[in-house]
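Visitor: Below is one structure. I have some questions about it.
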Ligand code: BGC
């Protein structure tokens, strides 16, 4: 009898240890993992609570979108930004290909302001923070040497957007950028819709209207590493761009105004080439950009043909980008300086991430030969960009 009681209590003890361990294991997992039985997630999703805060009277949250394959896109309305983007590699393992930070406080403190963010009112640079429109001169806030970068001192990456989840796979963000905010004319009503589609694509739809003639150039500044955030250098990623021309820049990264062929230069990505293959060549343009930080003039931009195809060398994950925008700013992470602690505790090490910003050309308000970025009252600014992930 005594031995029976003893073995029963041993069994109970064993069962409770097992239960404890299972619970501990489960709480260490992401919420996503519980719905994806077979897959393993590389890294952890931040808890929603890491993004709960009121800023200037507006509530910030982290929103989670999921598709039928278990892919996950998390978005915070602070800066309308992508936080996590988990897509499957061929083994079914989920890889977080979005490079960024792990909490709202980290995003607020970060020395790099643009991780994953919606960029505006004007993506990339406007020379000397100055342009003339309909005969009127406008002076903008400058924040990048003599120039205005990504909309000025407080761009859209630093404001709280209004958010409305449309369904499990889409979220709508809206923001009113007031007349003369950072020096830009016109009240600009902006709507950005992020959708995680069932073919593992992040689709971003932008819309804007104004009450005064203005200039607009919206983009997204997701930083990618297709081997997974925290996995090291992007220099062995293969890149192919549907661009026979690019816009060379001066030493402050303002386009010289010329459109030049990429043929015979380190900017020729018309066939798949690694980012690192020519990045350190002696070349004046690479010197000005400190690597790749240039606008590529897209041969086709019809949403049917990929304008960029990038492949992670370790995971084999392929990202295809589609856009109706005429340009692509390819930035190879040259200003990353290990100053910020990232989601998976890695620093933002030099060239451990790249950005592919679909947009109009930099400095178009001062370069009449470039496609126009002018938006007038009564018109609707409407563009779409798609980042589609495949395993081969
Ligand atoms: C710019 C880079 C800049 C980066 C900001 C890119 O669009 O062209 O020069 O450093 O954004 O993080």
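The values are calculated or read from the model by the stated rules, or taken from the named source; none is laboratory data. Keep in mind that what you see is a predicted model, and the values were worked out from it rather than measured. Using ideal geometry, Cβ is built from the backbone for each residue, glycine included, and neighbour counts are taken over all protein chains shown.
Visitor: Within region 101-142, track down each residue that is touching a helix residue (DSSP H, G or I) at 6+ places or on another chain (Cβ under 8 Å), within 11 Å of the ligand (Cβ to nearest atom) and closer than 20 Å to residue 215 by Cα.
Guide: The answer is 117, 119.
Visitor: So, of the residues in region 143-157 that are more than 19 Å from the chain's Cα centre (by Cα) and within 13 Å of the ligand (Cβ to nearest atom), which turns out to be surrounded by the fewest Cβ atoms within 10 Å (Cβ to Cβ)?
Guide: Top of the filtered list is 145.
Visitor: Among all residue pairs at least 6 apart or on different chains, which show Cβ distances below 6 Å where the first residue, located in region 283-298, is in the same structural domain as residue 261 (by TED's automatic domain parsing) and the second is at pLDDT below 95 and crowded, with 21+ Cβ neighbours inside 10 Å?
Guide: If the second residue must be at pLDDT below 95 and crowded, with 21+ Cβ neighbours inside 10 Å, no pairs are left.
Visitor: Can I ask one more? Report, by residue number, each residue of region 232-274 that is within 15 Å of the ligand (Cβ to nearest atom) and either buried (at least 16 other Cβ atoms within 10 Å of the Cβ) or not assigned by TED's automatic domain parsing to the domain that holds residue 145 (or both).
Guide: Hits for region 232-274 are 234, 246, 247, 248, 249, 253, 254, 255, 267.
Visitor: Might you let me know whether region 158-168 holds any residue that is within 16 Å of the ligand (Cβ to nearest atom) and crowded, with 16+ Cβ neighbours inside 10 Å?
Guide: yes
Visitor: Inspect all residues belonging to region 353-369 and state whether any of them is buried (at least 17 other Cβ atoms within 10 Å of the Cβ), in contact with a helix residue (DSSP H, G or I) (Cβ under 8 Å, 6 or more places away or on another chain) and part of a strand (DSSP E or B).
Guide: no
Visitor: Take residue 113 and tell me if it is crowded, with 24+ Cβ neighbours inside 10 Å and touching a residue at least 12 places away in the same chain (Cβ under 8 Å).
Guide: no
Visitor: Given the structure, is residue 316 part of a loop (DSSP other than H, G, I, E, B), more than 16 Å from the ligand (Cβ to nearest atom), over 21 Å from residue 185 (Cα atoms) and modelled with pLDDT of 95 or more?
Guide: Criteria met by residue 316.
Visitor: Further question: Which residues, taken from region 275-289, are surrounded by fewer than 16 Cβ atoms within 10 Å (Cβ to Cβ) and within 16 Å of the ligand (Cβ to nearest atom)?
Guide: 287
Visitor: Another question, then. Is one or more of the residues making up region 173-187 part of a strand (DSSP E or B), surrounded by fewer than 14 Cβ atoms within 10 Å (Cβ to Cβ) and in contact with a strand residue (DSSP E or B) (Cβ under 9 Å, 6 or more places away or on another chain)?
Guide: Within region 173-187, one or more residues are part of a strand (DSSP E or B), surrounded by fewer than 14 Cβ atoms within 10 Å (Cβ to Cβ) and in contact with a strand residue (DSSP E or B) (Cβ under 9 Å, 6 or more places away or on another chain).
Visitor: Still on this model: If you take the residues in region 85-100 that are buried (at least 24 other Cβ atoms within 10 Å of the Cβ) and part of a loop (DSSP other than H, G, I, E, B), which one is farthest from the ligand (Cβ to nearest atom)?
Guide: Among residues in region 85-100 that are buried (at least 24 other Cβ atoms within 10 Å of the Cβ) and part of a loop (DSSP other than H, G, I, E, B), the one farthest from the ligand (Cβ to nearest atom) is 97.
Visitor: Of everything in region 324-360, what is touching a strand residue (DSSP E or B) at 6+ places or on another chain (Cβ under 6 Å) and away from the ligand (no atom under 15 Å from the Cβ)? Give them in sequence order.
Guide: 324
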